[in-house]
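K.L.:
A single structure is presented below for examination.
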Amino acid sequence: MNHIRSICVFCGSSKGTRKEYLEEARQLGRILLRENIELVYGGSNIGLMTHLADTVLEGGGKVIGLMPKRLIDKEVAHKGLTEFHVTDSMQERKARMAELADAFIALPGGLGTLDELSEILSWNQLGIIHKPIGILNVQGFYDHLIKMLDHAVEEKFIRQEHRDNLIAESDAESLIEKLKTFEPAVLDSKWIDELKH
């Protein structure tokens, strides 16, 4: 059983087109409150990001935001967070998120969300971290990504063990429970040696 005290959530700076995206972001916030889990996120006051953060804050929970200075200068920073960390770059932001969080969830989002999710999956693959990672597949938003990853396994670009490190659920309740009990695959470095032949 993973003792999860904090979860980093990657999600869109847009609300998207479906009301379910917003509803599930708020539901995730309520579950974090109930479970006494701190929220770590990108620190924005727009899109799904702010609705998730505000839900946790309104319930008295702790929210930690991280944002590069150049984005703060664009006036998209949330002003009411429990903690706010200014970073020098996007790379530093992601590294600090990985340090602060015990697990990760991707809600629907765009290129930034995909970038963050991909980097964390890569770090797990390389053994840099060993933390649970999930996607909240609201209204099938990530169906195509899941199919692409499965295709990459079939084509021998991703190992099945590394693919299995990504948990996908359509509701927040089930996803949190699976994050608590999940054990990421930890392989020795022999899998890298196999690629050389």
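K.L.:
Which ones in the stretch 125-141 are within 13 Å of the chain's Cα centre (by Cα) and farther than 21 Å from residue 3 by Cα? Break it down stepwise before answering.
P.N.:
Filtering the stretch 125-141 for residues within 13 Å of the chain's Cα centre (by Cα) gives 131-137.
Hit for the stretch 125-141 is 137, nothing else.
K.L.:
Search the stretch 114-132 for residues being of a type in the set (Val, Ile, Thr) and assigned to a loop (DSSP other than H, G, I, E, B), and hand back the single one that is nearest to residue 164 (Cα to Cα).
P.N.:
Step one: of the stretch 114-132, the residues of a type in the set (Val, Ile, Thr) are 120, 128-129.
Remaining after also requiring assigned to a loop (DSSP other than H, G, I, E, B): 128-129.
Working: 128: 17, 129: 15 Å.
Result: 129.
K.L.:
For the list (1) crowded, with 18+ Cβ neighbours inside 10 Å; (2) outside any loop (DSSP other than H, G, I, E, B); (3) in contact with a Leu (Cβ under 8 Å, 6 or more places away or on another chain), I need the number of the one condition that residue 27 fails.
P.N.:
(3)
K.L.:
From 82, 55, grab the single residue that is modelled with pLDDT of 95 or more and surrounded by fewer than 19 Cβ atoms within 10 Å (Cβ to Cβ). Give the derivation first.
P.N.:
On the way: 55 fails: surrounded by fewer than 19 Cβ atoms within 10 Å (Cβ to Cβ).
One residue alone meets the criteria, 82.
K.L.:
Look at residue 63 and say whether it is in contact with a strand residue (DSSP E or B) (Cβ under 6 Å, 6 or more places away or on another chain) and surrounded by fewer than 18 Cβ atoms within 10 Å (Cβ to Cβ). Let's see the steps before the verdict.
P.N.:
On the way: in contact with a strand residue (DSSP E or B) (Cβ under 6 Å, 6 or more places away or on another chain): yes; surrounded by fewer than 18 Cβ atoms within 10 Å (Cβ to Cβ): no.
Spelling it out, it is not the case that residue 63 is in contact with a strand residue (DSSP E or B) (Cβ under 6 Å, 6 or more places away or on another chain) and surrounded by fewer than 18 Cβ atoms within 10 Å (Cβ to Cβ).
K.L.:
Condition first: surrounded by 12 or more Cβ atoms within 10 Å (Cβ to Cβ) and out of contact with any Cys (no Cβ under 9 Å at 6 or more places or on another chain). Now tell me which residues in the stretch 132-142 satisfy that. Don't jump to the end; show me each part of the working.
P.N.:
Kept after step one, since they are surrounded by 12 or more Cβ atoms within 10 Å (Cβ to Cβ), are these residues of the stretch 132-142: 132-139, 141-142.
Matches in the stretch 132-142: 132, 133, 134, 135, 137, 138, 139, 141, 142.
K.L.:
Same structure again: What about residue 12, is it touching a residue at least 24 places away in the same chain (Cβ under 8 Å), within 19 Å of residue 139 (Cβ to Cβ) and either aliphatic (A, V, I, L, M) or not in a helix (DSSP H, G or I) (or both)? First the steps, then the outcome.
P.N.:
On the way: touching a residue at least 24 places away in the same chain (Cβ under 8 Å): yes; within 19 Å of residue 139 (Cβ to Cβ): yes; either aliphatic (A, V, I, L, M) or not in a helix (DSSP H, G or I) (or both): yes.
Yes; evaluated as a whole, the condition is true for this residue.
The values are calculated or read from the model by the stated rules, or taken from the named source; none is laboratory data. On a predicted model such as this, the values are computed, not experimentally measured, just so you know. All Cβ positions, glycine included, derive from the backbone under ideal geometry; neighbour counts span all protein chains shown.
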